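All remarks here apply to the structure that follows.
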Amino acid sequence: MKNLASILILLSVILVSCHKETDTPAYPVYPSYFPAPVYQFTINKLTENGFLLGRKLFFDPFLSKDGSISCASCHHPNKYFADEGMAISEGVGGKFGIRNAPSITNTVFTPAFMWDGGVAHLDVSALPALTDTNEMAETMAHLIEKLNNHAEYPALFEKAFGSDSIYTQVLFYAFSQYVGSVVSASAKYDKVKQGKASFTQKEQAGYAIFKTQCNSCHTEPLFTNYSYKNNGLDNNFSEDLGRGRITLSPADEGKFRVPSLRNVMQTAPYMHGGRFATINEVLNHYTNGIVQSATLDESLQNGISLSEADKTNLILFLHTLTDEDMRNNSKYYE
């Protein structure tokens, strides 16, 4: 009898453990030197089923108007959640917008989304891509109708949120559970920060240059301060006002959100319109190509002074921000 009781207790422990693993995934995990996340999974409680549903939605072209484009089409994990090689991503019907698809990692730390900060919350960050006629071109009303009539999705939403009725809020919650769980924090830079690796002499030299010339905007450890800057690309903003499109202030025209440099060496082309194909073109812009205008950032009035040796070492440091562990993480793939 005593042995039987012991076996029952052991089975109970195993069942409870299994239940916890199913309901509460072990991710995301952030290093101690990261700031507190802006987005907390408190109201939208992160669960394994919610994460898996968000992942399925992220990879499903069914969500677009003609079933041809998914979120992963422009933000694939194999491309560090960007669209490497594409200045402007192709949307439904072969249409193109005007801006580059940025990498979407560490989004729980992001206070506002899009190049102009026009979306102020992670839970609605998928809305522009879903509905923009140059991207997935679907209407929310039709998308919700499609999902409710789908053979699989109602049951998956019930597992994740307790009801098979699909509506906008739970759809966006599912997206947030997947996208918000994508963490880039395993690059060589991170291993050095954690005392698990060391920079080479030239990487260290590049890091020193970075800290004096770049860190004020591309601030560690997320490599962005999430501000909006005019970095001297143009002096005519009629095609894209940038931040000025949101605030309607002339003082914000030509300003765009400072992108994170994590995985920067794997996510070319660069800038909001994808005009620079290589990081060398970017550095040459900052040393010799700054275009003067009324809203140009004060720190760039005279460009940035970098020797050729500085550029070489800086690029070697930027390579240490490449996170192969994140790209190879099977949890992010459908």
For P269, all conditions in the list (1) free of Cβ contacts under 8 Å to residues at least 24 places away in the same chain; (2) within 20 Å of E281 (Cβ to Cβ) hold save one; what is the number of the exception? (1)
Taking interchain pairs and intrachain pairs at least six residues apart, which have beta carbon atoms under 7 angstrom, with the first residue in region 320-332 and farther than 22 Å from L53 by Cβ and the second assigned to a helix (DSSP H, G or I) and among the polar types (S, T, N, Q)? T322/Q266; R327/N78
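Answer yes or no as to whether G242 is touching a Gly at 6+ places or on another chain (Cβ under 6 Å) and modelled with pLDDT of 95 or more. First the steps, then the outcome.
On the way: touching a Gly at 6+ places or on another chain (Cβ under 6 Å): yes; modelled with pLDDT of 95 or more: yes.
Yes.
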So the check is Cβ under 9 Å with 6+ separation or different chains; which pairs have a first residue in region 228-245 that's at positive phi and a second one that's aromatic (F, W, Y) and assigned to a loop (DSSP other than H, G, I, E, B)? G242/W115
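Does region 77-98 hold any residues that are under 15 Å from the mean Cα position of the chain (by Cα), open to solvent by 40 Å² or more (accessible area, probe 1.4 Å) and of a type in the set (D, E, K, R), and which are they? Write out each step before concluding.
Step one: of region 77-98, the residues under 15 Å from the mean Cα position of the chain (by Cα) are 77-84.
Restricting the remaining residues to those that are open to solvent by 40 Å² or more (accessible area, probe 1.4 Å) gives 78-79, 84.
K79, E84 - these are the residues of region 77-98 that are under 15 Å from the mean Cα position of the chain (by Cα), open to solvent by 40 Å² or more (accessible area, probe 1.4 Å) and of a type in the set (D, E, K, R).
What helices (runs of 4 or more DSSP H), lying completely within region 71-150, carry at least 1 residues that are within 20 Å of Q266 (Cβ to Cβ) and touching a Ser or Thr at 6+ places or on another chain (Cβ under 8 Å)?
Numbers: elements: 71-74, 127-131, 140-148.
The qualifying helices (runs of 4 or more DSSP H) are 71-74.
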Would you say K311 is in a helix (DSSP H, G or I) and farther than 24 Å from Q204 by Cα? no
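Is region 263-275 home to any residue that is aromatic (F, W, Y), farther than 23 Å from K202 by Cα and either in contact with a Lys or Arg (Cβ under 8 Å, 6 or more places away or on another chain) or surrounded by fewer than 17 Cβ atoms within 10 Å (Cβ to Cβ) (or both)? Let's see the steps before the verdict.
Our first condition is that a residue be aromatic (F, W, Y); within region 263-275, this holds for 270.
This time we only want the ones that are farther than 23 Å from K202 by Cα, so: 270.
Those left that are additionally either in contact with a Lys or Arg (Cβ under 8 Å, 6 or more places away or on another chain) or surrounded by fewer than 17 Cβ atoms within 10 Å (Cβ to Cβ) (or both): none.
No, there is no match, as no residue in region 263-275 is aromatic (F, W, Y), farther than 23 Å from K202 by Cα and either in contact with a Lys or Arg (Cβ under 8 Å, 6 or more places away or on another chain) or surrounded by fewer than 17 Cβ atoms within 10 Å (Cβ to Cβ) (or both).
On the given criteria, is L147 out of contact with any Asp or Glu (no Cβ under 8 Å at 6 or more places or on another chain) and open to solvent by 30 Å² or more (accessible area, probe 1.4 Å)?
No, not satisfied.
Can you tell me which residue among C74, C18 is among the hydrophobic types (A, V, I, L, M, F, W, C), modelled with pLDDT of 95 or more, open to solvent by 20 Å² or more (accessible area, probe 1.4 Å) and at negative phi?
Result of the check over C74, C18: C74.
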Where N44 falls short, out of the listed (1) within 18 Å of the chain's Cα centre (by Cα); (2) under 30 Å from T133 (Cα atoms); (3) open to solvent by less than 30 Å² (accessible area, probe 1.4 Å): (1)
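What number of residues within region 276-302 satisfy the criterion of being in a loop (DSSP other than H, G, I, E, B), among the small types (G, A, S) and either farther than 20 Å from S260 by Cα or open to solvent by 70 Å² or more (accessible area, probe 1.4 Å) (or both)? Working first, answer last.
Let us first name the residues in region 276-302 that are in a loop (DSSP other than H, G, I, E, B), namely 277-278, 289-297, 301-302.
Add one more test, that the residue is among the small types (G, A, S), and what stays is 277, 289, 293-294.
Still in the running and either farther than 20 Å from S260 by Cα or open to solvent by 70 Å² or more (accessible area, probe 1.4 Å) (or both): 289, 293-294.
Residues meeting the conditions: 3.
The values are calculated or read from the model by the stated rules, or taken from the named source; none is laboratory data. If you're wondering where the values come from, they're calculated on a predicted model, not measured in any experiment. Counting neighbours? That spans all protein chains shown, and the Cβs are built from the backbone with ideal geometry, glycine included. With ligands, DNA and RNA removed, areas are computed over all heavy atoms of the protein, side chains included. Shrake-Rupley method; radii C 1.70, N 1.55, O 1.52, S 1.80 Å.
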